[in-house]
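The values are calculated or read from the model by the stated rules, or taken from the named source; none is laboratory data. Values in this document were obtained by computation on a predicted structure and should not be read as measured data. For neighbour counting, all protein chains shown are included, and Cβ atoms are generated from backbone atoms with ideal geometry for every residue, glycine included. In case anyone asks, the SASA skips ligands and DNA or RNA and just uses the protein heavy atoms, side chains included. Shrake-Rupley method; radii C 1.70, N 1.55, O 1.52, S 1.80 Å.
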Amino acid sequence: MSSLGLNQEELKAVEQTRQRLAQLSASINSLKNDVFVSNPLPNLDSLQASADILNHNIAAIHEIMAQNNDLFSRIAIHPSTNFPGRTQENVLLQLLRKKPEPEVEAAMEEGSKALANMPFPGQTQFGTVNQNKEKEDALENIWTAAREVCQERITEYVVTEESDSYTAEEREMGIDNVRTGLQRSLDDESEDEEDEMDMDEADGPAAGGSAEPDLMIIDRPPPPPAPAVSTQEVEGATLETILRIATRGQFTR
Amino acid sequence: MHELFLTASVKQGDFDTACAVLQGLSWMTARRTIYRVLFFAGQPQPKGLAGPPPPPNVLPRAAQPLWAELHKQLLRSSYVLQAAYEVSPETDFGGKENAATTTTMDFTRLPATLRWTDLPDPLRDSPITSRKKIEIPFLNSLPRVLMENKQAYINELIQESYSFNRGDLEIVLSRYYHLPESQGRPIQHLPAWADLRPVDPAQKWMLHVKLNVAAGDGGGQPEKITKANEELMRNKAEFEKLFDFKVIDRRFFDTRIAPPVVIPGRGPP
């Protein structure tokens, strides 16, 4: 071992790296097997778990490499002098190869390409940012236009349509056929009072025990109001006034 | 007897709805009653009921203690008293032109109720009006008995009521009508029902949600009144979603006759 020129510590680092690489290799193999063997593919949870393990393995290797960066850049590998170089040349070449094999290299390139296209937040790649900006602008234009249209329509509703008691559909059908549930016309406010008066008059005789309580009697004049209180026609006397009269028979005294 | 009630006004236009709702709440149709109410006032100087109690053929023996109680109240102060006659729009109203078909009310023969109510208790932040009352059923001759006891006739009104009962709760919608002027005496012939002039031109209805507390045998009445108050407040919570109860100053229910002005220096007689 002394021929390697490594102390105990350094050897341990190399050994750890080897173990971690072996673990990573095993994990990859296990995932590969799972994907090949399972039909249908392993479920998402299992794939996610595998990805987590791989991620963990890679992180561990990364850590060791970072810690021993100095060492690893310093040591060089060479075959032992007694290695049967001529007979085992293939193995030797594979072991000492520094560049990745062509298919691995292709895979690596594909990987870095995929990584570059991934829209990581905060990643400053001008092409993608411009693209995103364009998309955002387009969306914003659409929403602004929608907002303007809505506002315009609402203004129109408030100004011209809000006071309309009927819907457009009802207008088309003809408002005379609309069932409002009211006796009076919705449009004509002035009819209001007359109608109420009619009801009052109809109520009097009906309450008075008319033989046909449903009959509307509309040609009887309303009871003559007291001359002094004729201005109170709408609101009538206050509750207190009525109570006082009911209590004492008259308001004064 | 003590009565506690809440007061709200109901517009003429809302009357049918109110009746329908109250009918649902009380599980009964409204009972319509019409009273002809004669108002009498005592002398400014309170002297109680001067004469002896009316004979049993006028005032039933069972009601005699009420007469004594009223006498006690009238010793403290003179009051406005009411004599209420139940009338029917079909037979009692019609005016002179229909005198042949309608009956003239004979007060010496008809039964009536003598009503007295005290000035309500102070409100103390409560919307409930609470007051003493005495109602004495007379078999006949009530106006004559009152006049013999120095109670002077002042006016008369027609009271139209629709009432509902729910348990002990009495819910009454009522409104009043004026009768034509007559010189110091009840009119001879009631006018046609439709010609009555409402006290309120807007023909509002007055709603009273009422509980009566009977006079207890001795003590216990303050507790009963407190309980009735609580019960009425519980009902108010339910009814106030429908009606807007008003706090009424007790002065509007004041039935007292102002005592004579005391001339300074002479002192009260």
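Numerical summary
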| quantity | calculated |
| --- | --- |
| Selected from B:Pro89, B:Gly24, B:Ile136, residue furthest toward positive end of dipole (the range B:2-253; charges at beta carbon) | B:Ile136 |
| Solvent-accessible area per residue, Å², over chain B with all protein chains present [probe radius 1.4 Å] | 50 |
| Exposure rank, largest accessible area first [B:Glu231, A:Glu148; 1.4 Å] | A:Glu148, B:Glu231 |
| Cα shape, the range B:51-92, gyration tensor, a/c 1.5 rule | oblate |
| Straight-distance crosslink candidates among lysines, where the alpha carbon sits under 22 Å from B:Lys204 and sequence neighbours closer than 8 are dropped | B:Lys11, B:Lys236, B:Lys241, B:Lys246 |
| Solvent-accessible area of B:Lys227 with every protein chain in place, 1.4 Å probe, in Å² to the nearest 10 | 140 |
| Residue-span extension gain [A:Leu92 to A:Leu44] - 0.36 nm each, minus C-alpha spacing | 13.2 nm |
| For the range A:158-165, 3J(HN,Hα) per residue [Karplus equation, 6.51 cos²θ - 1.76 cosθ + 1.60, θ = phi - 60°, Hz, x = Gly/Pro] | 5, 6, 10, 9, 4, 7, 7, 7 |
| Rounded, prolate or oblate (a/c below 1.5 giving rounded, otherwise prolate when a/b exceeds b/c) for the range A:24-162 by Cα gyration tensor | prolate |
| Contact surface B-A: accessible area buried, both sides summed, square angstrom, 1.4 angstrom probe | 2900 |
| Distance between the range B:1-66 and the range B:167-236 - C-alpha centres, whole angstrom | 5 |
| Karplus 3J(HN,Hα) series, Hz, for the range B:233-246 with 6.51 cos²θ - 1.76 cosθ + 1.60 (x for Gly, Pro) | 5, 4, 5, 4, 4, 7, 6, 6, 6, 9, 10, 9, 6, 10 |
| Cα-projected label distance for A:Asn117 with A:Glu63, points at 7 Å along beta-carbon direction, nm | 3.4 |
| Karplus-derived 3J(HN,Hα), 6.51/-1.76/1.60, for each residue of the range B:19-31, Hz, glycine and proline x | 4, 4, 5, 5, 4, x, 6, 9, 6, 8, 7, 4, 9 |
| Stokes-Einstein D (µm²/s) once Rh is taken as the Kirkwood radius of the range B:2-253 over alpha-carbon pairs, at 25 °C in 0.890 mPa s | 125 |
| Probe 1.4 Å, all protein chains present, accessible-area order of B:Lys47, B:Lys236, largest first | B:Lys47, B:Lys236 |
| Where B:Tyr176, A:Tyr157 fall by accessible area, highest first, once all protein chains stay in place (1.4 Å) | A:Tyr157, B:Tyr176 |
| Minimum 20 Å² accessible area buried by the other protein chains, the range B:52-91 residues, probe 1.4 Å, relative to alone | B:Val80, B:Gln82, B:Glu90 |
